[in-house]
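Report on the structure given below.
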Amino acid sequence: MSTAAVTLPLIEFAPHPKDGRARRTILGVGWSVLHTAFPSFSAASIFFLSAAYLGPEDFGRLAIAGGLISIALAFSPAAFAEALIQRTKISPGHADAVCWLNILVGAVYFLTLTACAGFGATWFDEPQLTWLVPLLAIKVPFDLAAAVPGAMIVRSMRFRSIAVRTAIASAVGAVVGIGLLLVGYGLFALAISQVAVSMTNCLVAFWVAGWRLGFAGRLHHLCELWRYTIFASGERMLGMLRLDHLIAGALGGTMFLGLLTFSQRFLQMLSGLATGALGSVTHVVLSSMQEEPEKAGRAFQQASFAAACVGFPAFAGAALIIDDVIGMLFADKWAGAVAATQIFCLAGLIATPGIVQGALIRSQGYPNRWFYYQFLQQGGTVAVIALTYAQGVTFVVSAIVVKTFLIWPVSALMTARILDCSLWTYLRQMRGPAFATLGMTTVLLLLPLGAGWNLIGTQILVGAASYTALLSLLCWPQLIDFFSLIKKARTA
């Protein structure tokens with residue numbers, strides 16, 4: 001009797017959808033395109049406008065303040081919310097316990113960051129950090145409080161709700177940030193924009209989640225989530241703990257850090273636009289297929305092919321035109337970041353399959369393996385910066401990209417092992433997009449040299465046309481299967 005009483009809520013509370021997953025996935029990718037594209041466009045608008053109003057030193061100061069805030073977010077219990085997504089069965093107590101823990105830790109971190117802002121300003125010799133850090137610290141309790149309602153939305157595959165939440169928060173942040181920039185508030189505008197996004201995201205998450213915080217949580221609920229969370233927390237820590245920014249700012253100064261941040265930010269925005277939608281959808285879909293390895297394998301291969309089709313040409317094309325774009329927008333103001341940004345685009349060719357690889361490895365219950373891989377990558381980046389910062393931003397970025405390529409085979413081998421196939425079987429899904437991208441790059445390099453927005457527009461059109469033609473020629477059977485799957489899912 002008591003066993004049944006315990007088991008029943010675990011089955012009925014927020015289960016992973018089992019029916020219509022193909023349709024949910026296709027629709028989810030569509031909604032997730034909005035979920036990633038809208039904030040990416042909003043962030044790009046603020047990014048390019050702020051780059052016109054501010055200089056590398058200001059970007060460096062904001063990166064240092066953001067790095068200090070990231071310490072709090074990195075060592076937070078937010079990864080417990082990811083365990084709610086991955087776990088096969090959960091109870092109301094799991095969600096309540098995680099949410100209350102996040103709220104408590106968020107409040108403590110806000111007070112701690114505010115109290116320590118003066119010390120940070122002295123350490124980095126940047127007086128503006130005394131007000132910039134406390135202002136950005138307001139983000140922390142809101143970001144942590146939003147973790148559980150956000151996880152409940154993702155777990156139920158309500159991708160439309162995710163897109164609506166993100167669109168509203170991004171719109172508010174863009175309006176606030178751009179408005180304050182235009183009237184001359186500079187760094188204050190960028191900080192307030194980030195805070196506005198976090199506050200809006202939290203409020204809307206609770207509004208659309210259909211879940212209400214209760215008091216059913218107990219310590220044992222956290223203990224049941226601990227095994228997955230400890231490694232997911234480690235991965236989150238590596239992704240959010242911007243030691244690279246703090247080391248770069250301390251050793252190279254705000255000018256060096258500003259140029260590095262500009263290059264990294266461009267890569268992140270392009271990655272979000274190109275393949276960000278697939279990452280969020282793939283993780284929850286594959287999590288729902290943990291007991292169906294064959295279906296999970298097929299879904300992963302299709303996601304890898306789709307990511308390569310979009311990501312490869314996006315990063316290759318960006319590397320070819322970004323020098324003209326930066327020159328047209330900012331003249332010589334950001335000239336020092338051009339080569340570094342182009343080189344970072346090469347790392348995007350690794351980031352493209354990496355997004356889907358991470359979703360597979362974590363969803364199938366191996367967060368420890370993905371954590372160790374991320375530790376190698378992030379630790380290598382920090383080491384490269386510390387050893388080569390004196391050589392300039394371009395040299396540092398080149399070394400980071402070489403390091404990334406050298407370590408990437410580790411994740412490819414882990415992926416092949418989970419799929420129980422050879423490395424070649426896994427990689428051949430991306431062979432066609434890779435050759436089509438190579439052909440597109442050759443065509444663009446043969447175009448006559450010049451400058452101006454007309455040439456940039458011509459390059460984009462010619463690149464898109466040549467890539468589409470080559471991809472259709474090389475991958476026609478795969479494209480037919482892919483679009484058949486979409487058609488079948490839409491009519492299901």
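Answer yes or no: is there a residue in segment 369-378 that is surrounded by fewer than 22 Cβ atoms within 10 Å (Cβ to Cβ), in contact (Cβ under 8 Å) with a residue 40 or more places away in the chain, in a helix (DSSP H, G or I) and in contact with a Phe, Trp or Tyr (Cβ under 8 Å, 6 or more places away or on another chain). Scanning segment 369-378, I find at least one residue that is surrounded by fewer than 22 Cβ atoms within 10 Å (Cβ to Cβ), in contact (Cβ under 8 Å) with a residue 40 or more places away in the chain, in a helix (DSSP H, G or I) and in contact with a Phe, Trp or Tyr (Cβ under 8 Å, 6 or more places away or on another chain), so the answer is yes. Among the residues of segment 259-297, those identified as under 18 Å from Pro433 (Cα atoms) and modelled with pLDDT of 75 or more are Leu270, Ser271. Taking residues in segment 464-479 that are assigned by TED's automatic domain parsing to the domain that holds Gly311, and partners anywhere that are in a helix (DSSP H, G or I) and among the β-branched types (Val, Ile, Thr), the pairs with Cβ atoms closer than 6 Å and at least 6 places apart or on different chains are Ser466/Val443. Screening Ser70 with (1) of a type in the set (S, T, N, Q); (2) more than 30 Å from Lys333 (Cβ to Cβ); (3) touching a His at 6+ places or on another chain (Cβ under 9 Å) gives one miss only, at (2).
Taking segment 108-153 as the search range and keeping residues that are surrounded by fewer than 16 Cβ atoms within 10 Å (Cβ to Cβ) and of a type in the set (Ser, Thr, Tyr), which one is farthest from Leu213 (Cα to Cα)? It comes out as Thr122. Set side by side, the residues Ile355, Ile460, Ile456 differ, and just one is touching a Gly at 6+ places or on another chain (Cβ under 8 Å), over 27 Å from Glu294 (Cα atoms) and in the same structural domain as Gly311 (by TED's automatic domain parsing), which is Ile460. In a loop (DSSP other than H, G, I, E, B) and assigned by TED's automatic domain parsing to the domain that holds Phe344: does that describe Leu387? Answer is no for this residue.
Matching residues to (1) β-branched (Val, Ile, Thr); (2) assigned to a helix (DSSP H, G or I); (3) within 30 Å of Arg298 (Cα to Cα):
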| site | (1), (2), (3) |
| --- | --- |
| Ala339 | no, yes, no |
| Gln357 | no, yes, yes |
| Val382 | yes, yes, no |
| Val401 | yes, yes, no |
| Phe405 | no, yes, yes |
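For every residue, the table says whether it meets (1) in contact (Cβ under 8 Å) with a residue 24 or more places away in the chain; (2) among the aromatic types (Phe, Trp, Tyr); (3) surrounded by fewer than 18 Cβ atoms within 10 Å (Cβ to Cβ); (4) within 30 Å of Ser363 (Cα to Cα).
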| site | (1), (2), (3), (4) |
| --- | --- |
| Leu387 | no, no, yes, no |
| Val401 | yes, no, no, yes |
| Ser411 | yes, no, no, yes |
| Ser422 | no, no, yes, yes |
| Arg428 | no, no, yes, yes |
| Met440 | yes, no, no, no |
| Val443 | no, no, yes, no |
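Taken together, Ala107, Ala151 contain a single residue that is within 27 Å of the chain's Cα centre (by Cα), at pLDDT 90 or above and of a type in the set (Gly, Ala, Ser), which is Ala107. As a summary of the residue check, Ala189 satisfies the conditions (1) buried (at least 19 other Cβ atoms within 10 Å of the Cβ); (2) in a loop (DSSP other than H, G, I, E, B) except for the one numbered (2).
The residues of segment 100-131 that are out of contact with any Pro (no Cβ under 8 Å at 6 or more places or on another chain) and closer than 13 Å to Pro149 by Cα amount to a single one, Trp100.
The values are calculated or read from the model by the stated rules, or taken from the named source; none is laboratory data. Please read all numbers here as calculations on a predicted model, not as lab measurements. Every residue, glycine among them, receives a Cβ derived from its backbone with ideal geometry; neighbour counts consider all protein chains shown.
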